[in-house]
Amino acid sequence: MAAPTSGLGLPGYLLLLLLLTSPTWVTSVSRRHPKDQANSPSSDVACGQPVLQGKLLGGELTRDRKWPWQVSVHYSGFHVCGGSILNAYWVLTAAHCFARGKKLQTFDMYVGITNLEVANRHTQWLEINQVIIHPTFEMFHPVGGDVALVQLKSPIVFSDFVLPICLPPSNLNLHNMSCWTTGWGMISPQGETGKELLEAQLPLIPKFQCQLLYGLTSYLLPEMLCAADIKNMKNVCEGDSGGPLVCKLNETWLQIGIVSWGRGCAQPLYPGVFANVSYFLSWIRYYMETVPNPPQILPSLSSSLRNNLSTLLTIMGSLLVL
Ligand code: ARG
């Protein structure tokens, strides 16, 4: 049976309105949130606090709520790197993810996703406004200064599934911290990639020990951190780059590292090397605080109105294809 045509004018009007108000909206991915009052494009949500934390009896957060700051960076439609949400407009990732010659418009980002093949109603698709690469990237080391700040064209809408991670204090004592990394990187030396977001608890490895393991050919800069679970052969691998290394301190998760490089993946002798976030803190803060948000068309439209419109359009769209 054909879809009723009498209401076609309204969806058309709504589509136009929506395109005007939300330039990065795509039909396959919703930008709405179940609890409207929690929709906030501003940075007024708590960082490093997965919702429900501590409220589950003997249980674990479901996988999609456990690491709500995880970002998937795509190039040409394929996952290439991880990243983390710092606030509604800024994502932290590795500089080498944006290798020279790659076109910026070909990159995009996803948040609120755990299975790369299944976007759900919590998934948001985001376009890049600009990428700021650390000035020392590749200057003193083949992968030194491996930090990039990505400013998004439109703000992330926070929800129970999409939340920012906290930056660490500059003087954080890393001793005895329990740290985890997450990513969609390779899961076997044969190059198999995972579709589900994986997590690994990685003990931090003292710098001198890490340098001994790498030997003289791969020197480590003071801005680098090492971590690996040598006993259980857990490590980061290709595709995990740019993703976060986070540690829990007083019930709050802080990002202490960005996945950067390593020699091989499953070789127990070579830990994963991370860019030390504390080391780059003032650079990160400077850009987040001084670069203005990109201009929004009709900024007076609240995000909740935008999301309501998006919901409405999704519903109307599905009615039309029924
Ligand atoms: N550079 C890699 C990437 O782009 C990540 C390196 C992680 N570590 C390793 N042991 N290979 O995904």
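Points worth noting:
- Subset tally (residues that are surrounded by 22 or more Cβ atoms within 10 Å (Cβ to Cβ) and either touching an Asp or Glu at 6+ places or on another chain (Cβ under 9 Å) or among the polar types (S, T, N, Q) (or both)) for the stretch 218-241: 3
- Residue check for residue 198: without any contact (Cβ under 8 Å) to a residue 24 or more places away in the chain and of a type in the set (A, V, I, L, M): yes
- Hits in the stretch 64-109 - residues which are without any contact (Cβ under 8 Å) to a residue 40 or more places away in the chain and not in a helix (DSSP H, G or I): 74, 75, 76, 77, 78, 99, 100, 101, 102, 103, 107, 108
- If the condition is being under 17 Å from residue 211 (Cα atoms) and more than 9 Å from the ligand (Cβ to nearest atom), then the stretch 258-273 contributes 268, 269.
- Selected residue (only one of 127, 138, 117 is part of a strand (DSSP E or B) and acidic (Asp, Glu)): 127
- Residues that are assigned to a loop (DSSP other than H, G, I, E, B) and either more than 24 Å from residue 237 (Cα to Cα) or not aliphatic (A, V, I, L, M) (or both), drawn from the stretch 166-187: 168, 169, 170, 171, 172, 173, 175, 176, 178, 184, 185
- Complete set of residues in the stretch 122-158 that are more than 16 Å from the ligand (Cβ to nearest atom) and β-branched (Val, Ile, Thr): 123, 128, 132, 136, 156, 157
Residues are listed down the side, and each one gets a yes or a no for (1) buried (at least 20 other Cβ atoms within 10 Å of the Cβ); (2) among the small types (Gly, Ala, Ser); (3) within 12 Å of the ligand (Cβ to nearest atom); (4) closer than 26 Å to residue 71 by Cβ:
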position	(1), (2), (3), (4)
184	yes, no, yes, yes
201	no, no, no, yes
212	no, no, no, no
216	no, no, no, no
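- Test: residue in the stretch 166-176 that is within 16 Å of residue 246 (Cβ to Cβ) and within 15 Å of the chain's Cα centre (by Cα): yes
- Residue 254 meets the conditions (1) part of a strand (DSSP E or B); (2) within 16 Å of the ligand (Cβ to nearest atom) in every case but one. The failed one is (2).
- Every listed requirement among (1) within 30 Å of residue 217 (Cα to Cα); (2) more than 16 Å from the ligand (Cβ to nearest atom); (3) modelled with pLDDT under 90 is met by residue 280 save one, (3).
The values are calculated or read from the model by the stated rules, or taken from the named source; none is laboratory data. Remember, it's a predicted structure, so these values are computed and weren't measured experimentally. No Cβ is skipped: glycine too gets one built from the backbone with ideal geometry, and neighbour counts run over all protein chains shown.
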